[in-house]
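The values are calculated or read from the model by the stated rules, or taken from the named source; none is laboratory data. Everything numeric here is computed off the predicted structure, so don't read it as measured data. When we count neighbours, we look across all protein chains shown, and the Cβ atoms used for this are built from the backbone with ideal geometry, even at glycine. Accessible surface is based on the protein model in full, side chains and every heavy atom, while ligands, DNA and RNA are left aside. Shrake-Rupley method; radii C 1.70, N 1.55, O 1.52, S 1.80 Å.
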Amino acid sequence: MTAPHLFTHALLRTPAPSAIHGIRADGGPDPDFAGLAAEHDAYVSALRDLDLDLTILPPLDAFPDALFVEDVALTFANGAILLRPGAATRAGEVDHIREALAAHHDRLLELTAGHVDGGDVLRLADRVVIGLSARTDRAGAEALASLLADLGYQAEIADTPPGVLHFKTGCGLIDAETIFAVPALAGCPQFAGLEVVVTPPGEEEAANLLRINDTILVGDRWTATHALLASRGFAIRPLATRQIARIDAGLSCMSLRW
Ligand code: CIR
């Protein structure tokens, strides 16, 4: 049950009204903006309650998906890396986060080849897994692995199952030795040596949970997952995700942690 990482800081961005036009793969209905803003507010409160020092950036109306700061950078205690998001409408978000990251991180590296979305990057206790996806290509993953090595982290490249937006849409870390994953990722070779707990039937969306120190943030609709985590002794904080899910997002997407 060891916490994989101890976080003291998080960076977020307040959603703009344009967030209702965020990208979604299935062409489903727009989220309700008031509901989405309330979900974001509750997420901010949860991180604050967990004693993280928060930096909250202002809304960016020109970039509907900019509240999902996880996709544009990686952050560590000893540095940060600006990424190159794979969706054309999101590329410009990077310039709007550079200054805030530079204010916190003396070492700010920048990906200059290929594409990587941060949602495809899972940080384990001893290494980082980069999932190839529709947003993250091999050139980007290899360039990122080299930048991670500069910061002292070993990286491995994995496959994201077809139909799963980001690698972390399908999995999250619940402790240093345990991954919570959708069935399609249960046999992921990069998880060899770790325990993989599979999402309960019908609760595949719960896989994008987020462990912050001793607490696991998890979608409030996934009651079988709550019971499973509680039975293993984890403290959980259920949070509403219905509106952000309409634009293909989950709990890890709305912050960068270090
Ligand atoms: C997108 O498609 O880019 C956004 N609508 C959702 C991003 C979700 N981010 C994540 O999983 N890390």
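Six or more apart or on different chains, Cβ atoms under 9 Å: show the pairs whose first residue is in region 21-32 and farther than 22 Å from P59 by Cβ and whose second is of a type outside the set (S, T, Y) and away from the ligand (no atom under 11 Å from the Cβ).
A25/G163
Out of the residues in region 125-150 that are within 16 Å of the ligand (Cβ to nearest atom) and of a type in the set (A, V, I, L, M, F, W, C), state the one that is most open to solvent (accessible area, probe 1.4 Å).
For region 125-150, the residue satisfying everything is A134.
Restricting attention to region 125-163, which residues are among the polar types (S, T, N, Q) and modelled with pLDDT under 95?
None - no residue of region 125-163 is among the polar types (S, T, N, Q) and modelled with pLDDT under 95, so the list stays empty.
Looking only at residues in region 212-221 that are touching a residue at least 40 places away in the same chain (Cβ under 8 Å) and part of a loop (DSSP other than H, G, I, E, B), which one is nearest to G118 (Cα to Cα)?
N213
Please count how many residues of region 90-110 are aliphatic (A, V, I, L, M) and crowded, with 21+ Cβ neighbours inside 10 Å.
Qualifying residue count, region 90-110: 2.
Does L60 qualify as being touching a residue at least 12 places away in the same chain (Cβ under 8 Å), in contact with a strand residue (DSSP E or B) (Cβ under 9 Å, 6 or more places away or on another chain), crowded, with 16+ Cβ neighbours inside 10 Å and not β-branched (V, I, T)?
yes
Of all residues being modelled with pLDDT under 90 and out of contact with any Gly (no Cβ under 9 Å at 6 or more places or on another chain) in region 1-25, which is nearest to A73 (Cα to Cα)? Just the residue, please.
So the residue we want is H5.
Just to be sure before I move on: is L147 among the hydrophobic types (A, V, I, L, M, F, W, C), more than 14 Å from the chain's Cα centre (by Cα) and part of a helix (DSSP H, G or I) in the structure I sent?
Answer is yes for this residue.
How many residues, within region 224-246, are touching a helix residue (DSSP H, G or I) at 6+ places or on another chain (Cβ under 7 Å) and open to solvent by less than 20 Å² (accessible area, probe 1.4 Å)?
4
Of all the residues that make up region 226-258, how many are assigned to a helix (DSSP H, G or I) and among the hydrophobic types (A, V, I, L, M, F, W, C)?
Residues flagged as assigned to a helix (DSSP H, G or I) and among the hydrophobic types (A, V, I, L, M, F, W, C) within region 226-258 amount to 8.
Hey, can you tell me all the residues within region 107-124 that are of a type in the set (D, E) and within 16 Å of the ligand (Cβ to nearest atom)?
D117, D120
So which strands (runs of 3 or more DSSP E) stay within region 13-104 end to end and still have 1 or more residues that are in contact with a Phe, Trp or Tyr (Cβ under 8 Å, 6 or more places away or on another chain) and more than 15 Å from the ligand (Cβ to nearest atom)? Even if it seems obvious, please write down each step before you answer.
Values: elements: 53-57, 73-76, 79-82.
Once the strands (runs of 3 or more DSSP E) in region 13-104 are filtered for at least 1 residues that are in contact with a Phe, Trp or Tyr (Cβ under 8 Å, 6 or more places away or on another chain) and more than 15 Å from the ligand (Cβ to nearest atom), what remains is 73-76, 79-82.
Any idea how many residues of region 150-177 are hydroxyl-bearing (S, T, Y) and touching a strand residue (DSSP E or B) at 6+ places or on another chain (Cβ under 8 Å)?
2
Within region 75-89, track down each residue that is under 16 Å from the mean Cα position of the chain (by Cα) and either open to solvent by less than 10 Å² (accessible area, probe 1.4 Å) or over 25 Å from I20 (Cα atoms) (or both).
T75, F76, A80, I81, L82, L83, P85
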